[in-house]
1. Take the residues of the range 153-174 that are among the hydroxyl-bearing types (S, T, Y) and crowded, with 18+ Cβ neighbours inside 10 Å: which is nearest to S77 (Cα to Cα)?
2. Every residue in the range 189-200 that is surrounded by fewer than 24 Cβ atoms within 10 Å (Cβ to Cβ) and either more than 9 Å from the ligand (Cβ to nearest atom) or not assigned by TED's automatic domain parsing to the domain that holds L60 (or both), please.
3. Has the range 10-30 got at least one residue that is modelled with pLDDT of 95 or more, over 23 Å from A255 (Cα atoms) and in the same structural domain as N236 (by TED's automatic domain parsing)?
4. Checking T92 against (1) touching a helix residue (DSSP H, G or I) at 6+ places or on another chain (Cβ under 6 Å); (2) among the β-branched types (V, I, T); (3) closer than 30 Å to A217 by Cα, which single condition isn't satisfied?
5. Go through (1) in the same structural domain as T123 (by TED's automatic domain parsing); (2) buried (at least 19 other Cβ atoms within 10 Å of the Cβ) for E251 and report which single condition fails.
6. Can you spot a residue in the range 143-152 that is at pLDDT 95 or above, more than 23 Å from the chain's Cα centre (by Cα) and surrounded by fewer than 17 Cβ atoms within 10 Å (Cβ to Cβ)?
7. Somewhere in the range 146-163, is a residue away from the ligand (no atom under 12 Å from the Cβ) and among the acidic types (D, E)?
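The values are calculated or read from the model by the stated rules, or taken from the named source; none is laboratory data. Being a predicted model, the structure only gives us computed values, none of them experimental. Ideal geometry is used to build each Cβ from the backbone, glycine not excepted, and the neighbour counts take in all protein chains shown.
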Amino acid sequence: MNEIYNFSAGPAALPKQVLDQIQAELVEYGNAKASIMEISHRGVDFMQVADKAKQDLRELMNIPNNYQVLFLQGGASAQFSMVPINLLRGKTKANYVNTGHWSIKAIAEAQRYCQVNICTDSTVNQFTNIEDFSQWNIDESCAYLHYTPNETIAGLEFDFIPTADMPIVADMSSMILSREVDVSKFGVIYAGAQKNIGIAGVTIVIVREDLIGHALAKQPILFDYSTQAKYDSMFNTPTTFAWHTAGRVFEWLKAQGGIQAIAKINERKAHKLYQAIDDSDFYSNAVNPKYRSWMNVPFSLADSSLDALFLEKSYNANLLALKGHKSVGGMRASIYNAMPESGVDALIEFMADFEKHYG
Ligand SMILES: *Cc1c(COP(=O)(O)O)cnc(C)c1O
């Protein structure tokens with residue numbers, strides 16, 4: 001039987017080594033005489049886990065000292081609320097970039113707190129392109145600018161960081177740790193863990209210190225960055241197991257050579273998959289090549305009546321979860337850090353074989 005490769009968009013595949021490691025640690029963690037899931041978050045064993053994970057992430061992303069790193073709950077979706085709650089700071093408007101599904105969710109939530117100025121809108125090209133930055137309509141009176149560096153569903157990824165005279169906020173859920181990012185260019189970076197960090201439940205928030213302490217009045221205390229920063233993300237019980245798993249993934253990533261090394265592999269994986277798609281008349285991807293995602297590769301078959309057969313055959317060949325999001329249809333291969341290059345090679349081989357038989 002072929003090796004199993006999981007192309008799920010999220011919750012997504014974990015590195016095999018990490019799965020083996022957390023399995024071994026599940027019943028008895030280190031010297032704790034209990035499972036990592038059974039010990040106090042305030043005890044010395046978990047505190048070490050928490051601090052090490054935070055330090056490793058700081059190292060991996062080269063996070064400057066004037067940023068706090070928080071391990072929160074509520075997913076990226078809770079940040080859709082926490083960003084306006086904390087960053088409006090007396091202003092009434094915010095800039096939002098609409099490049100797809102997750103941008104739209106963030107915008108809808110922000111509109112509950114403030115006026116939203118849409119700087120640019122990729123709806124006009126079905127989220128296959130990003131308008132030239134010089135053409136964007138940025139409102140200088142806004143409190144911040146929010147964008148989604150990688151749109152997970154359409155597979156649309158920025159190759160630049162927008163700049164404006166205000167904090168830049170990025171939902172990096174599906175591209176964090178996939179390539180080098182200059183954290184100092186951002187006011188807030190956030191990411192749910194279940195794509196490229198670990199398991200669902202924990203959400204990483206990297207926030208510049210001057211943006212902490214300005215939350216709107218009468219909001220949930222947990223949604224105030226200053227509460228979370230003051231209590232080291234332990235105002236209440238954190239998601240200990242998800243935090244621990246994230247820490248193991250950070251260690252794994254460091255052992256791979258860090259972000260610089262994994263980025264080279266990610267670029268190569270994505271490039272060869274897009275190349276295979278472009279080289280065939282049977283498969284296609286409509287995204288402007290400049291903005292094609294390294295992490296999520298949607299593609300369609302020339303004859304969509306073959307979709308079900310493609311999914312059945314690929315599943316039987318141990319290539320899992322290739323069904324595209326229902327809003328786009330077709331296929332999507334999510335190839336996060338944990339997807340080995342051999343998985344992409346196996347997919348490309350399968351695709352060529354399928355085309356030969358049915359194309
Ligand atoms: C998956 C995803 C989300 C949603 O994350 P939750 O943790 O389910 O709230 C938000 N933004 C992006 C870019 C995503 O990929």
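1. S173
2. Selection gives I199 alone.
3. The answer is no; no qualifying residue exists.
4. Here T92 meets the rest and fails (1).
5. Among (1) in the same structural domain as T123 (by TED's automatic domain parsing); (2) buried (at least 19 other Cβ atoms within 10 Å of the Cβ), the lone unmet condition for E251 is (2).
6. no
7. Yes, the range 146-163 contains a residue that is away from the ligand (no atom under 12 Å from the Cβ) and among the acidic types (D, E).
A quick yes/no check of all residues on (1) assigned by TED's automatic domain parsing to the domain that holds A193; (2) more than 16 Å from S293 (Cα to Cα); (3) among the charged types (D, E, K, R); (4) at pLDDT below 95:
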| residue | (1), (2), (3), (4) |
| --- | --- |
| P84 | yes, yes, no, no |
| R89 | yes, yes, yes, no |
| Y96 | yes, yes, no, no |
| F127 | yes, no, no, no |
